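What follows is a short report on a single structure.
The values are calculated or read from the model by the stated rules, or taken from the named source; none is laboratory data. This is a predicted model, so every value here is computed, not measured. Note that we place each Cβ from the backbone using ideal geometry, even for glycine, and neighbour counts take in every protein chain shown.
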Amino acid sequence: MAEELCQCSDCKRFYKEHDRLIREFPTFKQQQELNWASIQSFRTLCTKVTNDLQRELSERESKEDVSQEEKHISDTEISETLDELESVNAYLYSIEAIMERIFDTKISNNIESRFKEIAKELAPDPLNMDRLILNRLFHQASDSSDNKNIN
């Protein structure tokens, strides 16, 4: 028997995003580009926040008369976050190195079409008319567990 997928709100959001990415980027090349852009944007944002926090911490150290009310983030929180972000950036550099190897892989157009076919199977469009009709019919069926009255 197949294991049931987790239905918590975080997992549902993940499944929805997972399927959307497959639908919108159904080829090997598109997945390569998507992942590269994702890593680069994550690294850019982490680097910018790291630089901003380092600047803020440096400014605070030079002006010791900053009151606690003016500090929205504590020095300790900034220092701990900087340590974590440095680790994240190191991991992102490692992922980038691996992605460069993945970019060396080229797939023929014939195989790219197979990617598109399988993408449609893995993540069918939830707004596809046939799927909407099937869902509506399923929910109207008398043997559907959603429609059973348990007393």
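Could you say whether any residue in region 61-68 is modelled with pLDDT of 90 or more and over 23 Å from E121 (Cα atoms)? The answer is no, given that none of the residues of region 61-68 is modelled with pLDDT of 90 or more and over 23 Å from E121 (Cα atoms). Within region 38-52, residues that are over 25 Å from L21 (Cα atoms) reach partners that are in a helix (DSSP H, G or I) and modelled with pLDDT of 95 or more with beta carbons closer than 6 Å, at six or more positions or on different chains, in the pairs T50/L85. Inside region 10-37, residues that are basic (K, R) and free of Cβ contacts under 8 Å to residues at least 12 places away in the same chain make up a count of 3. If the condition is being in contact with a helix residue (DSSP H, G or I) (Cβ under 7 Å, 6 or more places away or on another chain) and farther than 14 Å from V49 by Cα, then region 83-99 contributes L92, I95, E96, M99.
Taking the numbered list (1) at pLDDT below 95; (2) exposed (fewer than 12 other Cβ atoms within 10 Å of the Cβ); (3) of a type outside the set (K, R) in turn, L45 passes all entries but (1).
Taking the listed residues I111, I107, the one that is of a type outside the set (F, W, Y) and at pLDDT 95 or above is I111, with no other qualifying.
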